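Worksheet for the structure shown next.
What follows draws every value from the coordinates through simple rules; no lab data is involved. Please read these numbers as outputs of a predicted model, since none were measured by experiment. Positions of Cβ are backbone-derived with ideal geometry, glycine not excepted, and every protein chain shown enters the neighbour counts.
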Amino acid sequence: MSSAGALYRPFDRLLKIEIAGRIFEVPENNSLLRALQYLAPEDVAMGRFCWNEDCQYCRVTYDLGEGTPSRTALACKVGAHEGMRIRELSLELRYCLRSLQLADPAK
């Protein structure tokens, strides 16, 4: 299945993750930031991300399913996992994912 070119690590299937209450499919074996780029390729590519932990613009809060602890991490460093639930996104990520029409966290 992996035909997305050299941008993504090889993958055979798509994982289901939840972002702000909506389910999306992203490639396995990739960092969360790369998986988010799969959903909004042009916008994430234009984001101010360093991809190496220096900028902190890709900070997310997530859990791995019902009953698991909430964690804060950088999307460039954490892998995408089946059932991952992203609860909070940095302002930069939220802007880059605006085409997904995610719910406003302030509401």
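At a 4.7 angstrom Cβ threshold, list every cysteine in the chain that has nobody to pair with, or say none.
Unpaired cysteines in the chain: Cys58, Cys76, Cys96.
Tally Lys and Arg at +1 and Asp and Glu at -1 over the other residues with C-beta under 13 Å from the C-beta of Thr61: what net charge comes out?
Overall, the nearby charge balance is +2.
Any chance you could run the full-extension gain for Asn52 through Leu100? It's 0.36 nm times the residue separation minus the Cα-Cα distance, nm to one decimal.
Roughly 14.8 nm would be gained on extension.
Give me the dipole magnitude in Debye, nearest 20, for the chain about the Cα centre, with unit charges on the beta carbon: positive for Lys and Arg, negative for Asp and Glu.
Here the size comes out at about 120 debye.
Taking a ≥ b ≥ c as the square roots of the eigenvalues of the Cα gyration tensor of the range 1-84, is the shape rounded (a/c under 1.5), prolate (a/b larger than b/c) or oblate?
oblate
Note down the net charge around Arg22, summing +1 for each Lys or Arg and -1 for each Asp or Glu among other residues with Cβ under 14 Å from its Cβ.
Within the 14 Å Cβ shell, the charges total +2.
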